[in-house]
Amino acid sequence: MSDDDYVYDEATGEWRPASEMAAAAAARAEVRDAAGNVLADGDSVTLIKDLKVKGTSTTLKQGTVIKTIRLTDNPEEIDCRHESIKGLVLRTEFVRKR
């Protein structure tokens, strides 16, 4: 990486130096599941408890596999998709890494 490399920051909508973005990513708190395993973007997780989804009549059952998660700014929450629910946010205390 040279000093003139810039990366688009989706959170702020600005172009920032790549070195600054790398430092911010390293400083981000580790996201851990209910068993203490470190989670990363793109991991698959399994639900450890039945969860009622707010705003719908759907209940996600224990053992449901959620693929391709995304980490958020909050280390206690992850973004994910399920075939029946788009824009699902789960708390890390209810998932276990596969």
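Identify all residues within the range 14-69 that are within 16 Å of S84 (Cβ to Cβ), surrounded by 12 or more Cβ atoms within 10 Å (Cβ to Cβ) and not polar (S, T, N, Q); write none if there are none.
Passing the criteria: L47, D50, L51, V53, L60, I66, K67.
Scanning the range 60-78 for residues that are among the charged types (D, E, K, R) and in contact with a Ser or Thr (Cβ under 6 Å, 6 or more places away or on another chain), which turns out farthest from A24 (Cα to Cα)? Working first, answer last.
If we filter the range 60-78 for residues that are among the charged types (D, E, K, R), which is where we start, we get 61, 67, 70, 73, 76-77.
Checking the rest, the ones that are also in contact with a Ser or Thr (Cβ under 6 Å, 6 or more places away or on another chain) come to 67, 76.
Details: K67: 26, E76: 18 Å.
My answer is K67.
What is the number of the single condition among (1) over 17 Å from the mean Cα position of the chain (by Cα); (2) assigned to a loop (DSSP other than H, G, I, E, B) that A35 does not meet?
Every condition holds for A35 apart from (1).
Working only within the range 81-93, note down all residues that are more than 15 Å from K54 (Cα to Cα) and either charged (D, E, K, R) or part of a strand (DSSP E or B) (or both). Write out each step before concluding.
Keep residues of the range 81-93 that are more than 15 Å from K54 (Cα to Cα), which gives 83, 92-93.
Correct list: E83, E93.
Would you mind stating whether K97 is of a type in the set (K, R), in contact (Cβ under 8 Å) with a residue 60 or more places away in the chain and either within 21 Å of A35 (Cβ to Cβ) or out of contact with any helix residue (DSSP H, G or I) (no Cβ under 7 Å at 6 or more places or on another chain) (or both)? Spell out the reasoning first.
Numbers: of a type in the set (K, R): yes; in contact (Cβ under 8 Å) with a residue 60 or more places away in the chain: yes; either within 21 Å of A35 (Cβ to Cβ) or out of contact with any helix residue (DSSP H, G or I) (no Cβ under 7 Å at 6 or more places or on another chain) (or both): yes.
Spelling it out, K97 is indeed of a type in the set (K, R), in contact (Cβ under 8 Å) with a residue 60 or more places away in the chain and either within 21 Å of A35 (Cβ to Cβ) or out of contact with any helix residue (DSSP H, G or I) (no Cβ under 7 Å at 6 or more places or on another chain) (or both).
Tally the residues that are crowded, with 17+ Cβ neighbours inside 10 Å and under 16 Å from A34 (Cβ atoms), restricting the search to the range 84-93.
Step one: list which residues in the range 84-93 are crowded, with 17+ Cβ neighbours inside 10 Å, which gives 88, 90, 92.
Now drop any that are not under 16 Å from A34 (Cβ atoms), which leaves 90, 92.
The qualifying residues number 2.
Is there a residue being modelled with pLDDT of 90 or more and within 24 Å of D9 (Cα to Cα) anywhere in the range 44-64?
There is no residue in the range 44-64 that is modelled with pLDDT of 90 or more and within 24 Å of D9 (Cα to Cα).
The values are calculated or read from the model by the stated rules, or taken from the named source; none is laboratory data. Bear in mind that the values here come from a model prediction, so they are computed numbers and not experimental data. As a convention, Cβ positions derive from the backbone with ideal geometry for all residues, glycine included, and neighbour counts pool all protein chains shown.
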